[in-house]
Every structure is written in structure tokens, then in C-alpha cells.
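Below: one structure, written as C-alpha cells.
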Amino acid sequence: MATYEGAAFIEEQLRTILDQEGVDVRIVVSDDGSSDDTLAILERMGDERIVLLPPERSGSASANFLRLVRDADVTGATAIALADQDDRWHHDRLARQLALIARHEVDAVSSSVTAFWTDPDGSERTAYVEKSQPQTDLDFLLESAGPGCTFVLTAAAFTGIREVVRTHPLVDTTVPHDWTLYAIARATGRRWHIDPEPTLDYRQHGTNVMGANRGIRPALVRARRLASGHYRSQCRAIARLALALAQPPLQPRLARVAPLFERSDLGSRMALRRLAGELRREPAERRWLALALTLGLW
């Protein structure tokens, strides 16, 4: 769990993790210099299953999560899950996801979520956020497997990904951590299942780093990121890393596709446009990508 100024919701979230059914849990926390009561709440809970890493300023949620990937003691773990500080896990989350790993014989799973908003009167609004569209050969070049807070990886998969995060010079901390982990897993041939059944309540509020991506405001934020070139630079970083890690049969394909991210000329954009169906899972996102490439917003 990566934390920063999380006092408002962290205790509720911690209890939903500590109360997971049918599994033993240990929570490793990296705090990014909180000045509120986050650390006091962690200490006050007095649960030996909560382990706090030595203080270290990371500067962003993604960098803080990558610090956890590098430094968390996962000795004896069967699987490793990522946790935000402000959600609410369903009590069967880990048991369900571990069963899915076994059933589908995969290295990692993630899931759709139930986003929720708390209104001023205390009532809640919810919305199903689907992340389980069928995976494609190249989706990891442009997107994550859904919110990182739904990720569960086998210990073996986590160990392999950790080695890359610790040692590879092309790991870019400006790229969202969940996208980076998904790309490393897919580029190195690991199998991933995305569950349509939500495993947590995904809290939406004014300080979300990445939210449910619904409505006009998130769309405008994405459009500005695209027009600024920031998203393109992240895709370029992921493509470089994936190409460096990939083995046959994926490597020859990435050797042809990755260079397209290095340029923004018409030919490169049109080549990427022809790949839109493999680069995004959700049909509307494919259309948005194709339009952006055609108009030169890429």
C-alpha cells in the first residue's frame, strides 16, 4: 500500500484488507511524507500485520508504488496485491482472485471495479467500470490491465517483475506504475486474466491520482494530456522497455511496432492507426485513438 495524506479513508480501507476471508495477509506500507494523521492511524491500529517501510520521499504515487515493488519484504508470500489507501476491498477479494489464478493457470489477475462517490448528505452513488474487455496482442503498449489497486500477482511473477524494476534503466517513473507492471508482465510472456466481477469499491474524490475515467472532466484531462505529448512520451517509454524485454515470438513484432512511437510523422501515425484494434481493448477507445492519430493530436 502506497500512502500519502490518506487519513480520511485509510483506516476503513485497512480494515477491509485485514478482514479478508480465507487468507492470511501482511500489509507493507510506503508513506510518501504525509503531514496529516496517516502515520498516526497506522500506529494506533497496533496490528503486527501492518509493516511500515523506512521513510522515503518518492514524489508521486507511481514512484511510491515502484519503491514498494523494489523494497517490500514479501518473504513467504503466495501472492502480492497492490492496494490504494482509500478504497474498500470486498471481503472475498483475495480468495476470489487466487482461485482465478489457479483456475485459469495465469501469473496475474486484475478486475473491473465499482466506482463510488459520496454526496454531501452522506449518500453514495455507484457505477460499474468495466476493465475486462478481451486483451489484445499489443494492448499493454497503450494501457494498463485496469486500476493497479485490483492487481494480484503470483510470487514468481512478482519476483520477475521486481528484478526488472530494480535493475532495468528503461523503467520510467513518470509512467503510471500499474501500466508499467502490466507491460513488463506481458512483454516477458506472463499470462494475465481480467475478471469482469468487481473486487473492490473504487472511491472517487477530488484528490484521485487516476479515477474512474467517466464524464466530461476526465475526457478533457485526457485530451490535454494527448495534445501536450505527455501520453505519447509515456507510450514511447513503455514501447522501449517492452522491446528491450521481449523474447520471440513477440520480439520481432515489437521491433517493427516500437519505432512507430518514436515519430509523429503522418506515415507513423497511419501505421499506428491501422493497429488501433490491437492497441486498445475498448471499442470507443480504439475510435478515439484512430481519430487522434488522423488529426495529428498524437
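Residues of segment 120-129 that are surrounded by 10 or more Cβ atoms within 10 Å (Cβ to Cβ) and either farther than 27 Å from Glu285 by Cβ or touching a Gly at 6+ places or on another chain (Cβ under 9 Å) (or both): Glu124, Val129.
Determine if segment 267-281 includes at least one residue that is assigned to a loop (DSSP other than H, G, I, E, B) and farther than 13 Å from Leu141 by Cα. Checking segment 267-281: not a single residue is assigned to a loop (DSSP other than H, G, I, E, B) and farther than 13 Å from Leu141 by Cα. When each of Asp19, Asp24 is tested for being of a type in the set (Asp, Glu), out of contact with any His (no Cβ under 9 Å at 6 or more places or on another chain) and assigned by TED's automatic domain parsing to the domain that holds Asp84, the lone residue that passes is Asp24. Within segment 104-156, being free of Cβ contacts under 8 Å to residues at least 60 places away in the same chain and among the small types (Gly, Ala, Ser) holds for Gly122, Ser123, Ser144, Ala145, Gly146, Ala156. Here segment 234-258 is the region considered, the condition is being modelled with pLDDT of 95 or more and polar (S, T, N, Q), and the residue that is farthest from Asp172 (Cα to Cα) is Gln251. Taking Glu43, is it free of Cβ contacts under 8 Å to residues at least 40 places away in the same chain and within 23 Å of Phe158 (Cα to Cα)? No.
Close contacts from segment 48-59, counting a first residue that is surrounded by 15 or more Cβ atoms within 10 Å (Cβ to Cβ) and a second that is of a type in the set (Lys, Arg), with Cβ to Cβ under 6 Å and a gap of 6+ residues or different chains, come to Ser58/Arg67. Just one of the listed residues (Gly189, Gly215) is of a type outside the set (A, V, I, L, M), loosely packed, with under 15 Cβ neighbours inside 10 Å, modelled with pLDDT under 95 and at positive phi, and it is Gly215. Pairs linking a residue in segment 189-214 that is within 11 Å of Gly146 (Cβ to Cβ) and of a type in the set (Ser, Thr, Tyr) to a residue that is modelled with pLDDT under 55 and assigned to a loop (DSSP other than H, G, I, E, B), with Cβ atoms under 7 Å and 6 or more positions apart or on different chains, are Tyr202/Ala212. Here Thr173 meets the list (1) surrounded by fewer than 20 Cβ atoms within 10 Å (Cβ to Cβ); (2) closer than 21 Å to Ala246 by Cα; (3) at pLDDT 95 or above almost entirely, failing just condition (3).
Residues in segment 128-142 that are more than 16 Å from the chain's Cα centre (by Cα) and within 22 Å of Pro248 (Cβ to Cβ): Thr136, Asp137, Leu138.
The values are calculated or read from the model by the stated rules, or taken from the named source; none is laboratory data. For clarity, every value in this text was computed on a predicted model and none was experimentally measured. All Cβ positions, glycine included, derive from the backbone under ideal geometry; neighbour counts span all protein chains shown.
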